[in-house]
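Note sheet for the following structure.
We did not get these values from a lab; they are worked out from the coordinates using the rules stated. A quick note: this is a predicted structure, and the numbers were derived from the prediction, not measured.
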């Protein structure tokens, strides 16, 4: 096995060119893409860099708060059909391996998980429609400064299949089917539950020149498990989002409602919630509302701001509700093309009836950045950060104690310092 430091060095050398590598000519092409995020950091007394995330919250404000290594390596093969009557038609195959480890576990870091592996047939019908089958990241929707994926049905699925860009006269329709495998242990005994979901999106509905609407609906079936006496459980989801773009402003407003087995376990785990985790699926619901604004006035500054509310009802008659309120912003001030100063402030409040606790987490990071260019998402970027965090007494022991030997289990405040590199190509 290649030493991880040598592998990271190779990736940085390859990714120093921001375009894909085309090694074949004619009808075939092969491109190499990827992503890397990692670095070093520490907490008080040289302990492992702590992660500051409110208990029960699905995400955290990420700048200066990512004690982890994450890498994705992707090969994309494209075969151009070169048909005179349909010049854009092509077949594409994608293979991606990934790896993820928190600090304190990085000695065992490998890039050996099949994150994506699928085949797509593009623009074969009416010069628009796309057919695909396999495992893929399927049109993931997220809030960038939190890395919060509020819709992410494909990642970590067993496999899927779908059709995209069906012209409906007004907008376009995407339909996808996913199969999931939930492999877990209870009291030392291994169990496997299968589930199936359908994801439909009616998108590119033009409200006006600057405003587009997407409507979403999903159906889910969690299949029975006789060993656990789990019955078939179903659920559905409804929602939509408005994307507004005008001059330097981008704004996305979202509302998502889910019931039963349509409620996923986590941002990066699309498996349905389970009874052994304290859910009654027949009555469980989740509602999420968010707004994210991005404003870039280049060459001077950028900012992204988000406001989020999520409410979960675990489906019981008492002590069943969990609420997560969050707001945060990341302003960036550019001194030159390659040097800028970023700040990120975030406040999370959780009201957890299930575990009889509530409290607030406040996090602030100051980051000097060296990047390829101006822009909120300009990569590659090298960061040097200082992060401060403070949380309520009721959350003591639940924040700042992870990963590794992070030292703040008995505190209500903490700090970290370090450096991080992030690149995609």
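Largest mean-square fluctuation among 192, 119, 398, in a Gaussian network model of the chain whose springs join Cα atoms under 10 Å apart, belongs to 192. The alpha carbon centroids of the range 202-216 and the range 389-425 are separated by 40 Å. The convex hull of the Cα atoms of the chain, projected and averaged over all directions, covers 22.5 nm².
Given a 10 angstrom Cα cut-off, can you work out which residue in 316, 268, 52 is the most mobile in a GNM of the chain? Greatest mean-square fluctuation among the candidates belongs to 316.
Between 111, 350, 367, the residue with the greatest mean-square fluctuation in the GNM of the chain (Cα pairs under 10 Å linked by springs) is 111. For the pair the range 271-318 and the range 71-147, the centres of their Cα atoms are 26 angstrom apart.
Between rounded, prolate and oblate, where does the range 142-283 land on the alpha carbon gyration tensor, with a ≥ b ≥ c its root eigenvalues, rounded for a/c under 1.5, else prolate if a/b exceeds b/c? Could you put the intermediate results ahead of the total?
Working: a/c = 2.61, a/b = 2.04, b/c = 1.28.
Verdict is prolate for the range 142-283.
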